[in-house]
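Structure, as structure tokens:
The values are calculated or read from the model by the stated rules, or taken from the named source; none is laboratory data. Everything quoted here is computed from the prediction, not taken from an experiment. Cβ placement follows ideal geometry from the backbone for every residue including glycine, while neighbour counts extend to all protein chains displayed. To get the accessible areas, we keep the full protein, side chains included, count just its heavy atoms, and leave off ligands, DNA and RNA. Shrake-Rupley method; radii C 1.70, N 1.55, O 1.52, S 1.80 Å.
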Amino acid sequence: MLKFARYVRAANVDDALEVLRFRKGAQVMGGGIWMRLSDRTYPCVIDLSDCGLNTIEETDEEFRIGAYVTLRDLEVDGRLNAATGNVLATAVHDIVGVQMRQLATVGGSVFGRFGFSDVICALLALDAEVELAEAGRIPLAQFVDMPYELDILTHVIVRKHDYRASYQCLRKAATDFATINACAAYWDGAWHVAVGSRPAKARLLTGDALGVASAKPTADELAHAIEAVRGLKYSSNLWGSERYRRHLAGVLAARAIVDAAPYTSPEAADAARAVCAGEEAIA
Ligand SMILES: Cc1cc2nc3c(=O)[nH]c(=O)nc-3n(C[C@H](O)[C@H](O)[C@H](O)COP(=O)(O)OP(=O)(O)OC[C@H]3O[C@@H](n4cnc5c(N)ncnc54)[C@H](O)[C@@H]3O)c2cc1C
């Protein structure tokens, strides 16, 4: 059973940071969905409900998603999803159920840096940063690999671009954790492909490492992308073997690129789809 020895409802982020720094064992609580899985007494939890972090703000340059925005808010925000190829709504749609998504927060999902995270995989392919009370703004790709420090995630920022994007994932059963997930996004003249649930933390491939230069990738470029994605490290657990994941990662990444690519020539689209279709069976 989850217990708290002390509960602090901070009036603002500075007060919360002070408690986090000076009260031994203090932890920020998001929706508490992950924390409640443990059977322990936390010395002190900090509630950020009064810190104004539960909105998605839009400016000319970016969307600022507060840490206490829930996954359900993320799913139903029309402006954010319309601007980002609907990848966030697609990514969170199968996370357990609406009731849980109404509690789980963006802050907890991103700060947790879980390998299976659909939220991180989708955000990683976009131009996303995190904003931390102490460390400031950091690109998400960098944050994912940072050690867990005493800090408070206040916002996730998604910079605006003309995104073409698609999110793909395989779950062995509806609402289960993803066996593998992939998100492809074309922005700023380049493809960005994130692969998560490897089962280690999601990885981002772009530029030469991905090998796809055209906005409408050729069949050859797709084959390169599949090879690059399969070149990442995978391993086995209850949700899938290393070999199964490696294979599926290539298929899902190629499907995500084809789904997101703004094909205007039916021949090019058919050739690209043929590459994906040829990958259906495990080699
Ligand atoms: C049964 C189950 C199934 C799930 N399935 C999926 C799934 O398929 N896909 C998926 O992506 N996710 C899944 N999740 C994870 C879930 O979506 C949330 O990511 C998770 O519960 C964390 O969100 P939370 O708000 O509950 O965080 P909490 O549990 O409150 O916190 C998680 C961690 O983050 C820290 N933290 C929270 N907020 C902040 C902050 N603002 N600043 C600093 N530290 C912070 C906490 O101290 C804690 O260490 C699942 C969770 C459960 C329990």
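I'd like to check something: does segment 4-24 contain any residue that is within 23 Å of residue 187 (Cα to Cα) and more than 12 Å from the ligand (Cβ to nearest atom)?
For segment 4-24, residues within 23 Å of residue 187 (Cα to Cα) and more than 12 Å from the ligand (Cβ to nearest atom): absent.
Sort out for me the strands (runs of 3 or more DSSP E) sitting completely within segment 114-230 that have 2 or more residues that are within 11 Å of the ligand (Cβ to nearest atom), outside the structural domain of residue 62 (by TED's automatic domain parsing) and open to solvent by less than 20 Å² (accessible area, probe 1.4 Å).
It comes to 178-187.
Could you please tell me which pairs satisfy a Cβ distance under 7 Å, a separation of 6+ or placement on different chains, a first residue in segment 92-104 that is under 21 Å from residue 182 (Cα atoms), and a second residue that is open to solvent by less than 80 Å² (accessible area, probe 1.4 Å) and among the basic types (Lys, Arg)?
92/101; 94/171; 95/101; 101/72
Tell me which residues, restricted to segment 231-257, are farther than 20 Å from residue 172 by Cα, under 20 Å from the mean Cα position of the chain (by Cα) and open to solvent by 10 Å² or more (accessible area, probe 1.4 Å).
232, 233
In segment 6-16, which residues are over 18 Å from residue 131 (Cβ atoms) and surrounded by 12 or more Cβ atoms within 10 Å (Cβ to Cβ)?
6, 8, 9
When only residues in segment 88-107 that are in a helix (DSSP H, G or I) and more than 26 Å from residue 252 (Cα to Cα) count, which is nearest to the ligand (Cβ to nearest atom)?
That would be 107.
Only one of (1) within 11 Å of the ligand (Cβ to nearest atom); (2) more than 24 Å from residue 128 (Cβ to Cβ); (3) touching a strand residue (DSSP E or B) at 6+ places or on another chain (Cβ under 7 Å) is not met by residue 38, so which one is it?
The single condition residue 38 does not satisfy is (3).
Residue under question is residue 28, and the condition is that it be within 12 Å of the ligand (Cβ to nearest atom) and in a strand (DSSP E or B); does it hold?
yes
Output the number of residues of segment 53-85 satisfying the condition of being more than 8 Å from the ligand (Cβ to nearest atom) and in contact (Cβ under 8 Å) with a residue 40 or more places away in the chain.
Residues flagged as more than 8 Å from the ligand (Cβ to nearest atom) and in contact (Cβ under 8 Å) with a residue 40 or more places away in the chain within segment 53-85 amount to 12.
Report yes if residue 19 is surrounded by fewer than 20 Cβ atoms within 10 Å (Cβ to Cβ), at pLDDT 95 or above and farther than 30 Å from residue 259 by Cβ, otherwise no.
Yes: the conditions hold for residue 19.
Which of the residues spanning segment 258-272 are farther than 15 Å from residue 226 by Cα and open to solvent by 20 Å² or more (accessible area, probe 1.4 Å)?
Hits for segment 258-272 are 262, 263, 264, 265, 266, 267, 268, 270.
Got at least one residue in segment 42-62 being open to solvent by less than 30 Å² (accessible area, probe 1.4 Å) and modelled with pLDDT under 95?
yes
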